[in-house]
Amino acid sequence: MRPVYMISGGITKFAKAHPDKDFRLMVKEAFDYAMADVPALTRKEIDGSVCSYFSDHFTRQLMAGAMVQDYLGLSPKPSRRVEGGGATGGLCFQSAWEAVASGRMEVCLAMGFETMSRVNTWKGNEFIALASDTNFDYPVGGFYSGYYAMMVRRHMHEFGTTVEQMAKVAIKNHANARHNPYAQSPALLTVADVRSSPMVATPLTILDICQMSDGAAVVILVSEEMAHKLCQQPVRISGVGCGTDAMRMADRPHGKVPLLPHESEGDYANLKYPGVHSFRGGRSAAGLAYRMAGIVNPVRDLDFVELHDAYTSSEIQTYEDLGLCRYGEGGSFVDSGAPFLDNLDYGLAFTGDQRWPKLPVNPSGGLLACGHPVGATGLMQAVFAFWQLQGTIGRHLGDDTLQLPEARRGLIHSHAGTGTYITVSILERGGI
Amino acid sequence: MNKHAKLPETDEGTVLFNVDPIIVKYHYEIDYLHSYAQDSPFFAGLAAKKLLGSRCTACGYSYATPRGHCMECGAATEWFELPLQGRIHTYTTCHFGGEAFLKETLFTLILVEFDGVDTLFLSRLVGAEPDEATIGMQVKARFLRNSKFKPTDIYFVPV
Ligand SMILES: [Zn+2]
């Protein structure tokens, strides 16, 4: 496999509804932005693309990827569509990585979108629930927020995680998003705001849950030679990993924890894993990506993380899958202040627990505050991570508050179903 | 050849929500000929007031759901009758839901654990207020008298 570099990205402003633009035009806007950022790259040099969108039901159009391809003027070059629920964008990113790493392409465009405003919110929830087993799970009350509520209820039971700790995740991500003009719902919240907002599925309130969105994002990945030629500040993709689990969370085993290099069996003597409290596929994805990137202790070796916080609870669960803290410590990790930005005032007091160094998680605002146009989401994370590593947050967001001073290595994490497909990719500054 | 050919006009209109951009109502509906295939005995079991799980014929792993082949070893499974009493492994009360289930809110979802069975079963808890459900609570199965051949033919109530 050859080294693969990211040289550009683009995002549309995520919004509840963009009825004035169809999916082709949204992708075109993100694409034009990305192309303008690498003036040396011509459309002719793009060898092909991968397109990600989650739901044929939302799009009301099969082969929508081919329509984006022709709209961008990329026909008759190669393209394909990638789909894997909430992880669609992350899978698309890795599929484009494969195209370049294998030598099949020198320049590959990863492009994703979702237009979720075309049905009402509750029909949208029904569409999303069709990504659970339609014979056995969906008919019982198919509702993803209900599934996640059951998962976190068990996490609370196993580990003592609290709704206040979950609320702090919402506070963090919404506050970060106040400095991100691409975000759909920036806000300054309190624990009381989160807990008093409408209950959706106990214990999750509406502010524990991301919103549906219209939006698009693109990423341009290239070989080392093209990175040299086209870009002053390319970012290397140093690790990719993917994991899966049973579609029905009822079918998940209760076995042993697969350990990361910095963990030992004694850490989890009595833990039955993953059950429904954790995401085994996330652990698998992280393990593979860490091995490829040479990461031994993620909380030390990473400078920031953009993870799939469709729920405040799943952000806490994901800290543990990624090995940022041990299983069961996710709530304390939040309380410590480790995943918060140093330069923002969240109106919270932190314990400052010294077990964990600072590791900003979702400095962009994540899904909770940026929105979640499913097929675009995993690519949106890659774009924010890319700008962060380039040091160009100020230029792209018009506000450099979210720019981390020493961002050398970041992690992006994309997640589907109740942990059914999960991807982890590692991006690093420079490296040529 | 008829140069005065005309399509007939109809009085069916279009539901219009907006003109700039134009947003119209688009209706979509379909009836499938859906087969439960190898999982059919599970649904037949519910009609006979039996809850069937799957046990691996090679490694003995037992599933509280229909699963023709074992996730652990790949061997074929056989049906076995699950106990009709278990415990709540986890739960939630849904105040909202997908459109099809909105009219049923509030409803409580539970994952049921059974003694000696390796995995869980998703169902609804009926007969308990939302704040009465707890992890570890004993529940027993009830069946609809008139089967609909859906997983909701079974539900659980407090013991
Ligand atoms: Zn087996």
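The values are calculated or read from the model by the stated rules, or taken from the named source; none is laboratory data. Model, not experiment: these values are computed from the prediction. No Cβ is skipped: glycine too gets one built from the backbone with ideal geometry, and neighbour counts run over all protein chains shown.
Read through the list (1) farther than 29 Å from residue A:144 by Cβ; (2) more than 16 Å from the ligand (Cβ to nearest atom), then give the number of the only condition that residue B:73 fails.
(2)
Can you tell me which residue among B:99, B:113 is among the charged types (D, E, K, R), away from the ligand (no atom under 11 Å from the Cβ) and in contact with a His (Cβ under 9 Å, 6 or more places away or on another chain)?
B:113
If you take the residues of the stretch B:50-70 that are over 17 Å from the mean Cα position of the chain (by Cα) and either basic (Lys, Arg) or more than 13 Å from chain A (Cβ to nearest Cβ) (or both), which of them is nearest to the ligand (Cβ to nearest atom)?
Only one residue fits best here, namely B:58.
Can you pull out every residue in the stretch A:401-413 that is under 16 Å from residue A:302 (Cβ atoms) and touching a residue at least 40 places away in the same chain (Cβ under 8 Å)?
A:404, A:406, A:407, A:408, A:409, A:410, A:411, A:412, A:413 - these are the residues of the stretch A:401-413 that are under 16 Å from residue A:302 (Cβ atoms) and touching a residue at least 40 places away in the same chain (Cβ under 8 Å).
Just a yes or no: is a residue in the stretch A:241-252 hydrophobic (A, V, I, L, M, F, W, C) and closer than 17 Å to residue A:102 by Cα?
So far as the stretch A:241-252 goes, no, none of its residues is hydrophobic (A, V, I, L, M, F, W, C) and closer than 17 Å to residue A:102 by Cα.
Of all residues being within 11 Å of chain A (Cβ to nearest Cβ) and surrounded by 15 or more Cβ atoms within 10 Å (Cβ to Cβ) in the stretch B:126-149, which is nearest to residue A:124 (Cα to Cα)? Just the residue, please.
Selected residue: B:130.
Does residue A:177 satisfy the criteria of being assigned to a helix (DSSP H, G or I) and free of Cβ contacts under 8 Å to residues at least 24 places away in the same chain? Explain how you work it out, then say what you get.
Values: assigned to a helix (DSSP H, G or I): yes; free of Cβ contacts under 8 Å to residues at least 24 places away in the same chain: no.
So residue A:177 does not fit the description; no.
Residue B:107 is checked against (1) modelled with pLDDT of 95 or more; (2) under 25 Å from residue A:124 (Cα atoms); (3) exposed (fewer than 14 other Cβ atoms within 10 Å of the Cβ) and fails just one. What number does that condition carry?
(3)
Going by the conditions given, is residue A:335 within 20 Å of residue A:162 (Cβ to Cβ) and surrounded by 24 or more Cβ atoms within 10 Å (Cβ to Cβ)?
Considered against the rule, which asks whether it is within 20 Å of residue A:162 (Cβ to Cβ) and surrounded by 24 or more Cβ atoms within 10 Å (Cβ to Cβ), residue A:335 comes out as no.
Does at least one position in the stretch B:119-126 carry a residue that is within 20 Å of residue B:48 (Cα to Cα), of a type outside the set (A, V, I, L, M), in contact with a Gly (Cβ under 8 Å, 6 or more places away or on another chain) and part of a strand (DSSP E or B)?
yes
Just checking, how many residues over the stretch A:188-202 are surrounded by fewer than 20 Cβ atoms within 10 Å (Cβ to Cβ) and part of a loop (DSSP other than H, G, I, E, B)?
Of the residues in that region, 4 qualify.
Residue B:94 versus (1) away from the ligand (no atom under 16 Å from the Cβ); (2) more than 30 Å from residue B:129 (Cβ to Cβ); (3) of a type outside the set (S, T, N, Q): which is the lone unmet condition?
Of (1) away from the ligand (no atom under 16 Å from the Cβ); (2) more than 30 Å from residue B:129 (Cβ to Cβ); (3) of a type outside the set (S, T, N, Q), only one is false for residue B:94: (2).
Looking at the stretch B:132-140, can you tell me whether even one residue there is touching a His at 6+ places or on another chain (Cβ under 9 Å) and touching a residue at least 40 places away in the same chain (Cβ under 8 Å)?
Yes - at least one qualifying residue is present in the stretch B:132-140.
So residue B:112 clears everything in (1) assigned to a strand (DSSP E or B); (2) farther than 22 Å from residue A:275 by Cβ except one condition, right? Which one?
Only one criterion is unmet by residue B:112, namely (2).
Determine if the stretch B:88-97 includes at least one residue that is modelled with pLDDT under 95, within 20 Å of the chain's Cα centre (by Cα) and buried (at least 21 other Cβ atoms within 10 Å of the Cβ).
There is at least one residue in the stretch B:88-97 that is modelled with pLDDT under 95, within 20 Å of the chain's Cα centre (by Cα) and buried (at least 21 other Cβ atoms within 10 Å of the Cβ).
To keep it simple, each residue is scored yes or no on (1) among the aliphatic types (A, V, I, L, M); (2) assigned to a helix (DSSP H, G or I).
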residue	(1), (2)
A:9	no, no
A:13	no, no
A:32	no, yes
A:58	no, yes
A:69	no, yes
A:93	no, yes
A:100	yes, yes
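Among the residues of the stretch A:389-407, is any part of a helix (DSSP H, G or I) and more than 25 Å from residue A:109 (Cβ to Cβ)?
Yes: one or more hits.
Could you please give the count of residues in the stretch A:209-268 that are more than 14 Å from chain B (Cβ to nearest Cβ) and either in contact with a His (Cβ under 6 Å, 6 or more places away or on another chain) or not charged (D, E, K, R) (or both)?
Qualifying residue count, the stretch A:209-268: 36.
Is it true that some residue in the stretch B:30-43 is at pLDDT below 95, in a loop (DSSP other than H, G, I, E, B) and either within 14 Å of the ligand (Cβ to nearest atom) or surrounded by fewer than 15 Cβ atoms within 10 Å (Cβ to Cβ) (or both)?
yes
Would you kindly identify the helices (runs of 4 or more DSSP H) lying entirely within the stretch A:233-335 that contain at least 2 residues that are over 24 Å from residue A:358 (Cα atoms) and charged (D, E, K, R)?
Hits in the stretch A:233-335: none.
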